[in-house]
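K.L.:
Before anything else, here's the structure in question.
Bear in mind these aren't lab numbers, they're just calculated from the coordinates by the rules spelled out. Quantities reported herein were computed from a predicted structural model and do not represent experimental measurements. Neighbour counts run over all protein chains shown; Cβ positions are idealised from the backbone, glycine included.
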Amino acid sequence: MNYVFYDFETSGTNRYFDQPIQIAAALVNEKFEIVETLNETCKLKDGIVPHPQALLINKIKIDTLKNGQSFFEMVNKVHRKFTDWSPAIFIGYNSLFFDEVVLRQSLYQSLYDPYLTNTNDNRRADLYHIMCAITKLRPNTIELGYNPKTEKESYKLEHLAIANNVEQKQAHDAMSDVYATVGLAQIIKEEASDFWGHCMNISNPNNFLSYLDMQDIVFKAPSHPTHDFYPISYITANPERSKELSFFDLNYDIDKYCDSSLTGIISLIESKEKIIKILEINKAPIILGNDFIKKSELLSGKLKNDYHDKVNKIKNNEKFVQKLEQALVDRSQDKAVNYPMPDFLETQIYSGFSGPSDKEKMDDFRNTADFEKKYMISKDFEDARYREIAYRILFNECPTVFTEDKLNERKQFFAQRALDSNSDVKWCTIDKARKAIENLQDSDVSKTDASSIKEIESFINEEEEKYKKYLAC
């Protein structure tokens with residue numbers, strides 16, 4: 001199966017309210033030969049104020065932010081290419097936490113199905129999680145990075161690339177980061193081919209379940225460098241969410257919990273210790289059976305513990321399993337009740353799926369080149385989220401479709417967001433950008449990046465003037 005390695009550079013670190021300004025990817029075959037690449041940049045959407053620190057790091061040109069192709073043109077190209085490259089395993093570095101969320105947001109805010117990387121036979125994996133596991137399982141497989149600032153070992157991509165002689169022309173350039181990720185992955189694939197093949201195999205949820213069926217005891221791999229492997233035993237799945245699986249942490253004494261009440265079981269899931277672990281198998285967790293653990297000098301000692309009595313006790317306790325299943329359902333329902341529709345469009349991405357009628361309208365909207373027709377389609381969306389997304393696209397792509405009053409409403413909306421003086425808002429504002437620039441000017445980086453900081457400051461000033469004009473409409 002082919003791989004798609006990808007990386008984003010963004011306007012800031014908020015996964016919901018910032019946007020990608022560079023998207024790079026490489027299609028890689030099973031021999032780890034790069035077949036094709038993609039590297040696109042775009043300008044800022046209206047209402048997006050970039051964080052100066054992000055611009056200083058990713059070094060995207062200010063001219064691109066002002067005059068590049070639109071965000072929506074870039075996303076269209078990326079969606080087309082990712083679809084052409086499918087089915088594949090999509091891999092990034094710390095991508096499940098960040099890049100994957102940003103990708104879903106970008107697709108959602110462009111009227112595409114956001115679940116491209118884990119539907120239609122596509123899968124996901126995260127090289128960061130694989131790296132955390134292999135360095136514990138087989139420490140000599142890959143060299144750890146070194147951070148000269150902290151004088152400590154580092155799992156940052158740029159430091160790992162240096163330590164392992166992997167080419168990375170420019171850290172925090174999306175295309176360079178893609179090449180570095182491919183290079184590090186290739187080392188693991190060549191030096192620990194059985195482990196790499198296992199991780200890729202269980203990235204398919206069905207294969208994950210099949211592997212689990214063959215193991216009474218598995219070891220959950222760490223997803224952070226400070227964590228370790230720990231033994232768990234599968235109990236049951238959420239009856240209403242088949243990819244949400246529950247496990248008992250075998251480091252604990254099962255006898256203390258066999259007679260737990262329903263509320264007691266919920267506390268076992270939600271307590272700090274998390275005696276009952278929840279794994280979402282569509283998020284590519286890594287589990288290993290005894291065959292892997294026995295080969296590891298560091299971990300083989302864990303097998304000396306007799307976990308089988310605990311496994312039998314919990315799996316044969318039908319009342320406990322039934323209460324656990326009810327607890328999983330209750331937790332899901334409580335979340336639905338206690339977490340109402342979020343206030344902002346960006347955070348409403350998981351607030352329901354699009355219906356057949358709206359899906360058809362999305363296709364029509366994207367496929368027509370006539371902006372007047374797009375505007376008429378946008379009015380007919382049943383889901384208010386998609387109407388608003390369509391209006392935002394039209395404002396960026398062809399604002400003349402709006403009447404003067406509607407156009408002014410749009411301008412004022414974006415201006416109010418950019419000029420918001422409330423420091424508690426989740427997005428970057430002009431005020432926040434100015435404070436960030438002041439901090440940069442007072443820091444050590446001002447000595448080496450003074451001209452870049454000045455250029456960023458000038459750009460923020462221009463953006464402020466633009467939004468003030470919007471507000472006056």
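K.L.:
Share of Cα-Cα pairs in the range 1-134 beyond 18 Å, in percent?
P.N.:
That fraction is 53 percent.
K.L.:
What area, in nm² and to one decimal, does the C-alpha convex hull of the range 359-471 cast on average over all directions?
P.N.:
9.4
K.L.:
I've got another one for you. Could you state the orientation-averaged shadow area of the convex hull built on the Cα atoms of the range 215-338, in nm² to one decimal?
P.N.:
8.2
K.L.:
Do any of Lys136/Lys169; Lys373/Lys411; Lys169/Lys469; Lys169/Lys466; Lys313/Lys335; Lys272/Lys315 go past 32 Å between their Cα atoms, and which?
P.N.:
Result: Lys169/Lys469; Lys169/Lys466 exceed 32 Å.
K.L.:
Is there a quick way to get the dipole size of the range 309-453? I mean about its Cα centre, with the Cβ of Lys and Arg at +1 and of Asp and Glu at -1; what is the value in debye to the nearest 20?
P.N.:
Charge dipole, the range 309-453, about its Cα centre: 520 debye, nearest 20.
K.L.:
Right, another one. Compute and list, largest first, the equivalent-ellipsoid semi-axes of the range 63-221 from the alpha carbon gyration tensor, each √(5λ) rounded to a whole angstrom.
P.N.:
28, 24, 12
K.L.:
Strictly greater than 22 Å: what percent of every Cα pair in the range 135-232 meets that?
P.N.:
The calculated P(r) of the range 135-232 puts 40 percent of pairs beyond 22 Å.
K.L.:
Ok, one more. Given C-alpha coordinates of the chain, what is the ratio Rg to Rh with the Kirkwood estimate of Rh?
P.N.:
For the chain, the value is 0.99.
K.L.:
How high is the FRET efficiency from Glu167 to Cys473, r the C-beta distance, R0 41 Å, rounded to 0.05?
P.N.:
Between Glu167 and Cys473 the formula returns 0.25.
K.L.:
Any idea what the relative contact order of the chain is, in percent, if you count C-alpha pairs under 8 Å spaced at least 6 apart?
P.N.:
This gives 15 percent for the chain.
K.L.:
Rank Tyr146, Pro20, Ser193 by how far each Cα sits towards the positive end of the charge dipole of the range 3-194 (+1 on Lys, Arg Cβ; -1 on Asp, Glu Cβ) and give me just the farthest.
P.N.:
Pro20
K.L.:
Here is a follow-up. Could you go through the range 288-296 in sequence order and give the Karplus-derived ³J(HN,Hα) for each residue, using 6.51 cos²θ - 1.76 cosθ + 1.60 with θ = phi - 60°, rounded to whole Hz, and x for Gly and Pro?
P.N.:
Each residue of the range 288-296 in turn: 10, x, 4, 4, 7, 5, 4, 7, 9 Hz.
K.L.:
Using R₀ = 22 Å, calculate the FRET efficiency as 1/(1 + (r/R₀)^6) where r is the Cβ-Cβ separation of Gln322 and Lys256; round to 0.05.
P.N.:
0.70
K.L.:
Here's something else I'd like to know. Can you compute the helix-only [θ] at 222 nm over the chain? Use -39500 (n - 2.57) per DSSP H run of at least 4 residues, normalise by all residues, nearest 500 deg cm²/dmol.
P.N.:
Calculated from helices alone, the mean residue ellipticity at 222 nm is -14000 deg cm²/dmol.
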